[in-house]
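Below is one structure, written out as structure tokens; comments come after it.
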Amino acid sequence: MTKTLDRLTLQTISIPRPTIKDNAGNCMDWLPTLSEWQGPIFLRIVDALAGDVASGKLVRGQRLPTHRALAAALDVDLTTVTRAYGEARRRGLLEARVGQGTFVSETTARAPFDLPAQVKIDLSMNIPPQPVEANLDLRIAQGLASIRQKAGFSAFLNYLRPGGSDDEREVAAAWLRRRVSEADAERIVIYPGSQAIIFNALVALTSPGDVVLTEALTFPGIKAAAAKLGVRPIGVAMDGEGVRPDALKDACRVHKPKAVYLVPTQHNPTTVTIGPARRKAIAEIVRKSGSLLIEDDTYGPLEASVAPIANLIPERTYLAASFSKCVAPGLRVAYLLAPDVAAEQTMRSALQATTQMPPPLMVALLTHWIRSGIADEIIKAIRNEAIGRQQLASRLLKNVSFAARPSSHHLWLPLPTRQSGTDLLSHLMRRGLAVVGEDAFAVGDNAPRGIRVSLGAARNRSELSQALQVLSDAMRTPATVQIV
């Protein structure tokens, strides 16, 4: 595989800001409007700061007024502003640079506190970045406040209908119709994450000893679920465009699988997005084989122009649409679009028997975000940050062959046959960098070799630059190449 990163340039638009002056006549770039917020003055300053970041009035890297200048402009004590800036730094909104001043941060992500001692930068977990423009802390707080005002929290603290209320499923259907035109509420079950969908789909569709086909490299979650249920995953050969139709057809003929599990968009770990012609071929193979498709569309919102295979064979597809990669994994909300009402009822029953229901308050929060358009704003910010990080990787790894998509959170470095992946991982770990090798994803003995690098896991681009430099150096170090 070679680099597949498209040429994509982000343009910076300069928007003139109104001139603001403090009491001494000095120009200031920012002055918070405290009357729109409640609570102690220092918290109002922090909330106003977060709100202006979310609205775009403040941008990453923008310098803020000095403590003294802002205190004078607001006619408050210096200690109040100092306390406000300290709280904003704690929330990840600001960063102080010695000798330069205080600036809007690039990200609200905080430094991890539970890394193993030898790991300095962990790029092993494929998670979305947290750019300051997404402003999740503020938007979560505001969303919960809106829910509390409309319905109170106690309404979401009891056992609720497994799979979501009628209203929540209608909102989910409207959201999914952007990608699957025939999505309707009667076929939707709201789950606590896509892993729960995968597990319950296997419970519903298979028995111990049955075969499920996957790509030769696949999401570790399907491997774990299959192992727990005694289901046999069999990997199907791949090429630079994804799973090979000829190999899938042969595997369906030989193994008679109960289901086929695929990640067609921004495949984990290879990043491949299957093209339209091959999607049609895959759909036809699944239809003719009489099997069913479990389509993992977790990364779909990052590449929204690509239509899921579910559009081609809706009657044979269990579509899993999660917010874990386009917003945040801790929300634990995912939508299942079942093939028909009978399958929806079966999957709802399976949900009730395993995990009862998704977290009601988080479902309410996502529903509010979708209705208000906030979900789109968050996803746009995260997608833009993913694009920026891929561009950074393209520059720093210009002499390294890798596969990527313009908006993916990860990249895939295929390894030559003569290079030991174990030695490379150990070498990187000694340099303080954690990534993941193909063993975590391989199904069978003939899976492609390589390592996955999760760009979104770096706290900011500076940390990512350090990690990519370590990786670039390691790929050029003869000591990491062994005959195996």
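The values are calculated or read from the model by the stated rules, or taken from the named source; none is laboratory data. Small disclaimer: the values here were computed from a predicted structure and weren't measured. Methodologically, a virtual Cβ is constructed for each residue, glycine included, from the backbone with ideal geometry; neighbour enumeration extends over all protein chains shown. For accessibility, only protein heavy atoms count, side chains too; no ligands or nucleic acids. Shrake-Rupley method; radii C 1.70, N 1.55, O 1.52, S 1.80 Å.
A few notes on this one:
- The set of residues in segment 432-445 being more than 15 Å from T270 (Cβ to Cβ), in contact (Cβ under 8 Å) with a residue 24 or more places away in the chain and open to solvent by 30 Å² or more (accessible area, probe 1.4 Å) consists of G444 alone.
- If you go through segment 81-110 and keep only what is modelled with pLDDT under 75 and either open to solvent by 70 Å² or more (accessible area, probe 1.4 Å) or among the basic types (K, R) (or both), you end up with just R110.
- Out of R383, R348, sole residue that is buried (at least 18 other Cβ atoms within 10 Å of the Cβ), on the phi < 0 side of the Ramachandran plot, out of contact with any Gly (no Cβ under 8 Å at 6 or more places or on another chain) and not polar (S, T, N, Q): R383
- Residue count for segment 134-169 satisfying the condition of being among the aromatic types (F, W, Y) and not in a helix (DSSP H, G or I): 2.
- In segment 232-240, the condition of being closer than 16 Å to G444 by Cα and in a loop (DSSP other than H, G, I, E, B) is met by at least one residue.
- Residue in segment 391-398 that is open to solvent by less than 10 Å² (accessible area, probe 1.4 Å), touching a Leu at 6+ places or on another chain (Cβ under 7 Å), outside any helix (DSSP H, G or I) and under 25 Å from G242 (Cα atoms) present: yes
- Residue match in segment 240-260 (condition: open to solvent by less than 10 Å² (accessible area, probe 1.4 Å), under 26 Å from the mean Cα position of the chain (by Cα) and touching a residue at least 60 places away in the same chain (Cβ under 8 Å)): no
- In summary, E186 fulfils each of the numbered conditions (1) of a type in the set (D, E, K, R); (2) over 27 Å from P269 (Cα atoms); (3) surrounded by 16 or more Cβ atoms within 10 Å (Cβ to Cβ) with the single exception of condition (3).
- S194 in contact with a strand residue (DSSP E or B) (Cβ under 6 Å, 6 or more places away or on another chain), open to solvent by 10 Å² or more (accessible area, probe 1.4 Å) and of a type in the set (S, T, Y): yes
- Annotation: of all residues in segment 307-316 being surrounded by fewer than 24 Cβ atoms within 10 Å (Cβ to Cβ) and outside any loop (DSSP other than H, G, I, E, B), the one that is nearest to the chain's Cα centre (by Cα) is N311.
- I127 vs. criteria among the β-branched types (V, I, T), touching a residue at least 60 places away in the same chain (Cβ under 8 Å) and open to solvent by 50 Å² or more (accessible area, probe 1.4 Å): yes
- Residue selected from segment 390-431 under the condition within 21 Å of N268 (Cβ to Cβ) and small (G, A, S), by the criterion nearest to the chain's Cα centre (by Cα): S408
- Candidates R430, R476, R452, R461: the one that is modelled with pLDDT of 95 or more and among the basic types (K, R) is R452.
- Residue within segment 411-418 that is modelled with pLDDT of 95 or more and within 30 Å of R177 (Cα to Cα) present: yes
- Contact map, segment 455-484: residues that are under 19 Å from E385 (Cα atoms) and hydroxyl-bearing (S, T, Y) paired with residues that are at pLDDT 85 or above and open to solvent by less than 80 Å² (accessible area, probe 1.4 Å), Cβ distance under 8 Å, separation 6+ or inter-chain. Pairs shown: S465/L392; S465/L396.
- Residues of segment 198-217 classified as among the hydrophobic types (A, V, I, L, M, F, W, C) and more than 25 Å from D445 (Cβ to Cβ), total: 5
- Residues of segment 44-72 satisfying the condition of being open to solvent by 60 Å² or more (accessible area, probe 1.4 Å), outside any helix (DSSP H, G or I) and closer than 29 Å to N384 by Cβ: K57, V59, R60, R63
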